[in-house]
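Undergrad: The structure is given below, and queries will be raised subsequently.
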Amino acid sequence: MLLILNGPNLNRLGLREPGVYGSQTLEDLERQCEAWGAELGEAVTCRQSNYEGQLLEWIQEAQEQGFSGIVINPGALTHYSYALRDAISGQQLPVVEVHISNVDAREEFRHRSVTAAVCKGKISGLGFLGYRLGMEYLIEAEA
Ligand code: DQA
């Protein structure tokens with residue numbers, strides 16, 4: 001069972017900078033992840049929050065709740081949240097970091113991720129497909 005987490009401002013997908021993030025909504029993304037989960041034979045739970053503390057609690061509780069891995073798009077928290085980094089490194093589940101846009105092709109401040117080093121890996125710039133690739137990795141890693 002995989003946990004898909006989206007952080008701050010990702011509830012604005014479809015409305016927010018469509019030239020960067022596309023015209024599909026968070027609901028489209030979550031339905032897509034569930035459909036991919038069904039195809040890959042893995043249950044998927046999707047959650048989004050604009051609040052750092054809420055994301056930390058979901059990560060802290062994930063293993064106890066029976067999840068086997070986490071795909072996370074931390075939004076801008078990626079670039080500065082040591083609390084998020086510590087929450088990821090302070091638990092046992094494998095985590096894959098995903099960004100819809102190519103963060104390395106954007107502003108300088110987006111080139112730095114304080115969370116990627118404590119994740120299994122980072123996928124950036126492949127749109128929604130990055131979530132699927134993260135899910136596939138975690139399913140493979142489980143086997
Ligand atoms: C993002 C990239 C971040 O720099 C940005 O703050 C976001 C979205 C992405 O999915 O491309 O909110 O994580």
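The values are calculated or read from the model by the stated rules, or taken from the named source; none is laboratory data. Predicted model only: the values in this text are computed from it and were never measured. Here the Cβ positions follow ideal geometry from the backbone for every residue, glycine too, while neighbour counts run over all protein chains shown. Heavy atoms of the whole protein, side chains included, go into the accessibility calculation; ligands, DNA and RNA do not. Shrake-Rupley method; radii C 1.70, N 1.55, O 1.52, S 1.80 Å.
Undergrad: Which pairs do you get when a residue that is closer than 19 Å to residue 21 by Cα, found in the range 108-137, comes within reach of a residue that is open to solvent by less than 20 Å² (accessible area, probe 1.4 Å) and aromatic (Phe, Trp, Tyr), reach meaning Cβ atoms under 9 angstrom, with the pair 6+ apart or on two chains?
TA: From residues that are closer than 19 Å to residue 21 by Cα, the pairs are 123/131.
Undergrad: So in the range 41-60, with the set limited to residues that are open to solvent by less than 40 Å² (accessible area, probe 1.4 Å) and β-branched (Val, Ile, Thr), which one is farthest from residue 90 (Cα to Cα)?
TA: This residue is 44.
Undergrad: Now for a different question. If residue 122 satisfies all but one of (1) open to solvent by 70 Å² or more (accessible area, probe 1.4 Å); (2) assigned to a loop (DSSP other than H, G, I, E, B); (3) touching a strand residue (DSSP E or B) at 6+ places or on another chain (Cβ under 8 Å), what's the number of the condition it fails?
TA: (2)
Undergrad: Within the range 3-18, identify whether any single residue is more than 29 Å from residue 86 (Cα to Cα), surrounded by fewer than 18 Cβ atoms within 10 Å (Cβ to Cβ) and at pLDDT 95 or above, and answer yes or no.
TA: There is no residue in the range 3-18 that is more than 29 Å from residue 86 (Cα to Cα), surrounded by fewer than 18 Cβ atoms within 10 Å (Cβ to Cβ) and at pLDDT 95 or above.
Undergrad: Please work out if residue 141 is modelled with pLDDT under 95, surrounded by fewer than 14 Cβ atoms within 10 Å (Cβ to Cβ) and either in contact with a helix residue (DSSP H, G or I) (Cβ under 9 Å, 6 or more places away or on another chain) or not in a loop (DSSP other than H, G, I, E, B) (or both).
TA: In short, yes.
Undergrad: How about the range 12-116: which helices (runs of 4 or more DSSP H) wholly inside it have at least 3 residues that are under 22 Å from residue 141 (Cα atoms) and more than 11 Å from the ligand (Cβ to nearest atom)? Even if it seems obvious, please write down each step before you answer.
TA: Values: elements: 18-21, 26-40, 52-61, 82-89.
Counting at least 3 such residues, we get 26-40, 52-61, 82-89.
Undergrad: Based on this model, can you work out whether residue 67 counts as over 17 Å from residue 9 (Cβ atoms) and surrounded by 15 or more Cβ atoms within 10 Å (Cβ to Cβ)?
TA: Values: over 17 Å from residue 9 (Cβ atoms): yes; surrounded by 15 or more Cβ atoms within 10 Å (Cβ to Cβ): yes.
Criteria met by residue 67.
Undergrad: Answer yes or no as to whether residue 129 is touching an Asp or Glu at 6+ places or on another chain (Cβ under 7 Å) and within 13 Å of the ligand (Cβ to nearest atom).
TA: So residue 129 does not fit the description; no.
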